Amino acid sequence: MKSTVSPAKGKLGIMIVGNGAVATTFMTGVLMARKGLSKPIGSMTQYDKVRVGNGAEKQYLHYADIVPIASLNDIVFGCWDVYPQNAYQAAVYAEVLKREDIDPVREELEQIVPMAAAFDKNYAKRLDGDNVKKCSTRWDMVEQLREDIRQFKAARQCDRVVVLWAASTEIYVPINEQVHYSLSALESAMKADDREHIAPSMCYAYAALTEGCPFVMGAPNTTVDIPAMWELAEKTKMPIAGKDFKTGQTLVKSGFAPIIGTRCLGLEGWFSTNILGNRDGLVLDVPENFRTKEVSKLSTLETILKADVQPDLYSDYYHKVRINYYPPRNDNKESWDNIDIRGWMNYPMQIKINFLCRDSILAAPVCLDLCLLIDLAARAGRFGTQRFLSFFLKSPMHDYTKGEEAVNHLYQQHTMLKNAIREMGGYEADEEID
């Protein structure tokens with residue numbers, strides 16, 4: 001079989017919104033890996049294998065042997081941030097990686113200097129940086145970001161650019177049908193400087209798509225999961241994906257809930273709590289910002305353990321999610337899950353899961369995979385919401401206006417991912433999602 005996807009020629013620019021713990025861990029890891037000084041462990045695009053063909057034709061191949069994925073050697077990084085420190089300074093400050101794992105690529109990291117961010121303090125009150133654009137309106141914000149993308153692409157001689165949001169969680173923006181349901185209404189709101197309904201992240205997404213760049217939303221913000229952005233993605237023929245990197249607790253939940261469902265055990269309640277102390281934790285300590293994250297984390301369970309499918313087992317369980325800011329932990333997040341289940345003759349049992357994870361260490365390979373795969377999707381002529389990327393996301397985008405439900409079941413998501421790789425590689429999608 002032969003892939004019909006356009007080859008990954010030239011440089012791939014990855015422009016990251018945010019230059020904090022996640023972004024710098026991602027960039028440092030890629031730079032170290034391509035020097036042979038580290039391994040990209042956790043990355044599906046670098047390690048996972050997909051079966052193609054059947055019978056005597058069956059073989060298991062890495063993604064890059066099926067489809068033309070960009071090489072790590074061809075990646076060029078750029079970023080925006082409210083703080084002016086370069087990527088080396090930011091990586092050291094984040095205290096995720098040891099100096100010995102940063103210093104070998106110090107020179108390259110020092111050359112990654114953040115552009116002034118498009119920022120509105122009302123959306124992240126705990127951030128105080130002064131490397132911020134002066135924008136008269138939200139439309140002006142879009143125009144300045146478009147110019148940044150054009151200048152970066154030209155200066156770094158990039159063939160293609162992907163824009164990735166790895167910045168903080170914004171305050172919760174409820175979807176407003178008058179503003180968010182059509183592209184013309186969204187553009188009018190931007191020009192009228194409607195700061196209540198137009199988050200800065202929407203300006204980044206709009207700028208990226210209109211400049212011909214795929215956009216990935218790595219936080220739970222209301223950004224590209226609105227009909228107006230779907231319309232723009234269709235108009236510009238660009239792929240979009242979101243939302244919220246699936247790293248620790250939700251990864252566990254999307255993988256463990258299927259065990260309960262497959263085994264037909266009952267669920268009484270699932271209590272999830274987290275402590276973390278990085279900048280993400282600081283921002284999420286504000287109730288309005290936590291609300292955005294809570295909606296994202298709560299959505300996982302209800303689409304896996306469904307009351308309408310098994311009313312005896314899942315009609316009345318209690319699901320609670322908590323995040324607590326705890327500075328001593330910095331990036332080393334700890335999550336606890338207490339799961340109350342019912343077995344034979346309704347006898348109660350409990351499951352406890354304690355995950356001492358490193359948030360940015362889990363997020364970095366997800367960033368890499370999302371950027372490489374959405375670039376692949378663009379070269380394959382795919383546009384709009386890329387549902388096959390749900391595997392990497394906490395609250396996968398779906399068309400709620402038509403009653404579509406997100407797929408949160410980890411193994412179903414993995415099947416969707418493998419089938420998309422097969423299809424783009426010229427093979428048949430030969431696994432059922434059930």
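Could you please let me know if Thr24 is within 18 Å of the chain's Cα centre (by Cα) and over 30 Å from Asn131 (Cα atoms)? Against the criterion (within 18 Å of the chain's Cα centre (by Cα) and over 30 Å from Asn131 (Cα atoms)), Thr24 does not qualify. Candidates in the stretch 332-348 are the residues that are open to solvent by less than 20 Å² (accessible area, probe 1.4 Å) and touching a Ser or Thr at 6+ places or on another chain (Cβ under 7 Å); of these, the one that is modelled with the highest pLDDT is Asp337. Entry remark, the stretch 298-322: residues being in a helix (DSSP H, G or I) and either crowded, with 22+ Cβ neighbours inside 10 Å or of a type in the set (Ser, Thr, Tyr) (or both) number 4 in total. Scanning the stretch 218-229 for residues that are in contact (Cβ under 8 Å) with a residue 60 or more places away in the chain and not polar (S, T, N, Q) turns up Gly218, Ala219, Pro220, Val224, Asp225, Pro227.
Let me confirm something: among Leu209, Leu232, which residue is free of Cβ contacts under 8 Å to residues at least 40 places away in the same chain, in contact with a Phe, Trp or Tyr (Cβ under 9 Å, 6 or more places away or on another chain) and of a type outside the set (Phe, Trp, Tyr)?
Values: Leu232 fails: free of Cβ contacts under 8 Å to residues at least 40 places away in the same chain.
It is Leu209.
Within the stretch 352-366, the set of residues being touching a residue at least 40 places away in the same chain (Cβ under 8 Å) and either of a type in the set (S, T, N, Q) or in contact with a strand residue (DSSP E or B) (Cβ under 6 Å, 6 or more places away or on another chain) (or both) comprises Ile353, Phe355, Ser360, Ala363, Val366.
Of the residues that sit in the stretch 48-81 and are of a type in the set (A, V, I, L, M, F, W, C) and open to solvent by 40 Å² or more (accessible area, probe 1.4 Å), which one is farthest from Ala166 (Cα to Cα)? Steps first, please.
Of the residues in the stretch 48-81, the ones of a type in the set (A, V, I, L, M, F, W, C) are 50, 52, 56, 61, 64, 66-67, 69-70, 72, 75-77, 79-80.
Narrowing further to those that are open to solvent by 40 Å² or more (accessible area, probe 1.4 Å): 56, 64.
Values: Ala56: 44, Ala64: 25 Å.
Top of the filtered list is Ala56.
If you filter the stretch 271-291 down to residues that are modelled with pLDDT of 80 or more and small (Gly, Ala, Ser), you find that the one that is surrounded by the fewest Cβ atoms within 10 Å (Cβ to Cβ) is Gly277. Against the numbered list (1) surrounded by 24 or more Cβ atoms within 10 Å (Cβ to Cβ); (2) on the phi > 0 side of the Ramachandran plot, Ser390 comes up short only at (2). If you check Gly212, Gly218, Gly242, which single one turns out to be of a type outside the set (Val, Ile, Thr) and surrounded by fewer than 24 Cβ atoms within 10 Å (Cβ to Cβ)? One residue alone meets the criteria, Gly212. If you go through the stretch 408-434 and pick out every residue that is closer than 13 Å to Arg387 by Cβ, open to solvent by 40 Å² or more (accessible area, probe 1.4 Å) and not in a helix (DSSP H, G or I), you end up with 2.
Taking the listed residues Glu294, Glu268, Glu234, the one that is open to solvent by 10 Å² or more (accessible area, probe 1.4 Å), modelled with pLDDT of 95 or more, within 26 Å of Cys371 (Cα to Cα) and over 15 Å from the mean Cα position of the chain (by Cα) is Glu234, with no other qualifying.
Okay, residues lined up against (1) β-branched (Val, Ile, Thr); (2) in contact (Cβ under 8 Å) with a residue 40 or more places away in the chain:
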position	(1), (2)
Val82	yes, yes
Glu95	no, yes
Glu100	no, no
Ile112	yes, yes
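Within the stretch 256-265, the residues that satisfy the criterion of being open to solvent by 10 Å² or more (accessible area, probe 1.4 Å), part of a helix (DSSP H, G or I) and either within 28 Å of Ile361 (Cα to Cα) or without any contact (Cβ under 8 Å) to a residue 24 or more places away in the chain (or both) are Phe256, Ile259, Thr262. Counting only helices (runs of 4 or more DSSP H) wholly contained in the stretch 82-173, the ones carrying 1 or more residues that are surrounded by 15 or more Cβ atoms within 10 Å (Cβ to Cβ) and touching a Leu at 6+ places or on another chain (Cβ under 9 Å) occupy 87-94, 106-110.
Thr45 fulfils the conditions (1) within 18 Å of the chain's Cα centre (by Cα); (2) surrounded by fewer than 15 Cβ atoms within 10 Å (Cβ to Cβ) except for a single criterion, (2). Residue count for the stretch 349-367, restricted to those that are in a helix (DSSP H, G or I), open to solvent by 10 Å² or more (accessible area, probe 1.4 Å) and modelled with pLDDT of 95 or more: 5.
Tally time: how many residues in the stretch 154-182 are over 20 Å from Leu368 (Cβ atoms) and touching a residue at least 12 places away in the same chain (Cβ under 8 Å)? Looking only at that region, the number is 14.
The values are calculated or read from the model by the stated rules, or taken from the named source; none is laboratory data. Keep in mind that what you see is a predicted model, and the values were worked out from it rather than measured. Ideal geometry is used to build each Cβ from the backbone, glycine not excepted, and the neighbour counts take in all protein chains shown. For accessibility, only protein heavy atoms count, side chains too; no ligands or nucleic acids. Shrake-Rupley method; radii C 1.70, N 1.55, O 1.52, S 1.80 Å.
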